[in-house]
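Colleague: Quick one: structure below, then a few questions.
The values are calculated or read from the model by the stated rules, or taken from the named source; none is laboratory data. The model shown is predicted, which means the values in this text are computed figures rather than measured ones. All Cβ positions, even for glycine, are placed from backbone atoms using ideal geometry, and neighbour counts span all protein chains on display.
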Amino acid sequence: MDGWKTYELGELLLYEQPTKYIVKSTEYDDSYATPVLTAGKSFVLGYTNEEDGIYHKDGLPVIIFDDFTTSSKYVDFSFKVKSSAMKILKPNTKFVLPKYIFYRMQMIQFDHSTHKRYWIQQYSKLKVTIPDMAEQKRVIREIEERLSQLDNGAQTLQKTKQQLAVYRQAVLKEAFKDIEERQMIRELSRVVTSGSRGWAKYYANEGARFIRITDLTRDRIVLKDDNIQFVKLPEKVEGRRSRLKDGDVLVSITADLGSIALVPQNIGEIYINQHIAMIRFNNVAQSEFMAWYLKSDYGQKNLLKNKRGGGKLGLGLDDIRNTLVPVVNNDFAEKIVKAINSRLSVCDNIEKMVDTALQQVETMRQSILKNAFEGRLPS
């Protein structure tokens, strides 16, 4: 194409390490001024009141790039970041408009299955062909006109998901509101422990399942099955003590504190890592009841009241043992669990439809970008 030139991404995007912009405390509050960003799906993790180490407007816009997943976000406002696992990319405006190169990056198909940093050695070496500034402006205008309509629909769908999350908590609040008698978990359990460190060396394509924080969710108590990790263990290894049993309740004790899961029946040999605690209740018949309670606002408030740490929050095993949970009979517990599952199954069905619609939105987004960079959008 006449007037188009080929560049490596590293020529078009100058990178900066994010170290001096990393937030010191994760005690976020929506009333604070400065957003804390990640290049991942969540984008804005929260807001901080820290006043130093802010990436200010005079350096904007930039693209934040996840060095491990290669996902990216366009940023035109002041911010701080959560971790060093990213690059801050400053477009070289002698050659390319910031939004043009951002949209162009969304079309790059890149294998990031190996857990390593990609920008310096690989991603920055990728070549892209860029038109003159006038054509870049035209493409941006056409893309954004179409994406704005799409984004309006996506925002409505996301609001629906947020409303479902509120409804889920309302269901749990209603279920547990009238229970008065409570005891500490230490009085109602036989084991509270966490997993062992250093098991990454045992990772394998088959063997025993190994549970990490990414296998837990915020809105359900089932384990996620979309990214299962296995371990192949030698006969003697420290940590077999943390082999799970059906009905064990799991709690994340670092990072995303308080995520809850229930180990299902007949799951086979399965272990947890050091970031997850396991509660084995004396009365296994009430495990699901307890898991839902710990997921509720009541349970979360009790569980997290003793969280500790500054920039890196955590829960100790004694914090979990000292958490108060309801004392009820089995018939009552079964009745509550049935009511919760009945109501939440309606939420799940609606959310599946919303997720399908959001996938269709993303497909349409990719189609718009593909047509734009193949010159198939009308002038």
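Colleague: For Q163, state whether it is touching a Leu at 6+ places or on another chain (Cβ under 8 Å), of a type outside the set (A, V, I, L, M, F, W, C) and assigned to a helix (DSSP H, G or I).
Modeller: no
Colleague: Picking from Q155, Q136, Q163, Q122, which residue would you name as being at pLDDT 90 or above, of a type outside the set (A, V, I, L, M), surrounded by 14 or more Cβ atoms within 10 Å (Cβ to Cβ) and not assigned by TED's automatic domain parsing to the domain that holds I63?
Modeller: Q136
Colleague: If the Cβ limit is 7 Å and pairs must be 6+ apart or interchain, which residue in segment 59-77 that is under 13 Å from L13 (Cα atoms) pairs with which residue that is surrounded by 21 or more Cβ atoms within 10 Å (Cβ to Cβ) and of a type in the set (K, R)?
Modeller: Sorted first by the residue in segment 59-77, then by its partner, the pairs are F65/K87.
Colleague: Quick one: which strands (runs of 3 or more DSSP E) lie wholly within segment 1-88 and hold at least 3 residues that are under 22 Å from the mean Cα position of the chain (by Cα) and either in the same structural domain as I120 (by TED's automatic domain parsing) or more than 22 Å from F102 (Cβ to Cβ) (or both)?
Modeller: 34-37, 44-48, 62-66, 72-75
Yes/no per residue for (1) modelled with pLDDT of 95 or more; (2) small (G, A, S):
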residue	(1), (2)
K305	no, no
R308	no, no
G311	no, yes
V325	yes, no
V328	yes, no
D331	yes, no
V337	yes, no
D355	no, no
M364	no, no
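Colleague: Pairs only if they're at least six apart or on different chains, beta carbon under 9 angstrom, first in segment 331-347 and farther than 16 Å from A291 by Cα and outside the structural domain of I221 (by TED's automatic domain parsing), second among the acidic types (D, E) and surrounded by fewer than 18 Cβ atoms within 10 Å (Cβ to Cβ); list them, first residue then second.
Modeller: As it stands, the answer is R343/E174; C347/D219, since those pairs meet every condition given.
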